[in-house]
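For reference, the structure discussed in these notes is given below.
Taken together, the values in this text are just the output of simple stated rules run on the coordinates, not laboratory data. All of these numbers come straight from a predicted model, not from anything done at the bench. So basically every Cβ, Gly included, is an ideal-geometry build from the backbone, and we count neighbours across all protein chains shown.
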Amino acid sequence: GDSVTQMEGPVTLSEEAFLTINCTYTATGYPSLFWYVQYPGEGLQLLLKATKADDKGSNKGFEATYRKETTSFHLEKGSVQVSDSAVYFCALSRSGGNTGKLIFGQGTTSQVKP
Amino acid sequence: NAGVTQTPKFQVLKTGQSMTLQCAQDMNHNSMYWYRQDPGMGLRLIYYSASEGTTDKGEVPNGYNVSRLNKREFSLRLESAAPSQTSVYFCASSLAGPYNEQFFGPGTRLTVL
């Protein structure tokens, strides 16, 4: 079945460092790919998405490119801040049909120290 | 515009007790979802409702029931709570289709003793 695998955390960084969180997926067809972020004590919110191969999603300095050849959707940010400390979830949604069911990775915690 | 609201925020139950988690959205979304979040396992779909009047099982439906009361409201019921149902529960909603953003509520932290 469909699945999403993320790198283990926590990822601990200093401010202004470069952040990469790896995400790979297994799916039939052409899924849509998402990154959601969860700040402490809150629900998830969409960070960015890509709906077809080679699309790049971007938001708040974060970027991720939909790579069908490597089935990957790695999240990157060039210069992190303490406020980027959160749990990041990669997710996919199957194409077709009228449902938006998401399959999530296990989440990766990012801790940014001043 | 409150988005997705959930009640209660916290709940402690004893094994065998029942309870209903409430969820409502004011964004006129067709689709609604219930997830549980457990450490190291991400979020797993319990049940979803693609549109008013329909509900379907997700990945982990055992021990739960749902009701799509109307377009706004989607409740999750635990008939006989078990310690394995200790988790954080999130409700979400979206427009129909696989490309749309899901909007999440703040979550309910449930402990079953």
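When the charge dipole of chain A is built from unit charges on Cβ atoms (+1 for Lys and Arg, -1 for Asp and Glu) and taken about the Cα centre, the candidate among A:26, A:59, A:107 whose Cα reaches farthest toward its positive end is A:26. Taking the fewest neighbouring Cβ atoms within 10 Å as the starting point, the ordered list for B:10, A:89, A:62 is B:10, A:62, A:89. Annotation: aspartates and glutamates with alpha-carbon distance below 17 angstrom to residue A:101 (same-chain offsets under eight excluded): A:2, B:52, B:56, B:59, B:101. What aspartates and glutamates does residue A:56 reach when the alpha-carbon gap must be under 12 Å and sequence neighbours fewer than 8 apart in one chain are set aside? List returned: A:76. Full extension of the segment from residue B:1 to residue B:19, taken as 0.36 nm per residue of separation minus the current Cα-Cα distance, would add 3.8 nm. In a simple Cβ point-charge model (Lys, Arg +1; Asp, Glu -1; nothing else charged), chain A has a dipole of about 320 debye relative to its Cα centre. Counting other Cβ atoms within 10 Å as a rough exposure proxy, the listed residues A:77, A:60 run A:60, A:77 from fewest neighbours to most.
Under 17 Å between alpha carbons, and skipping anything fewer than 8 positions from residue B:9 in its own chain: which aspartates and glutamates qualify? Within reach: A:42, B:38, B:73.
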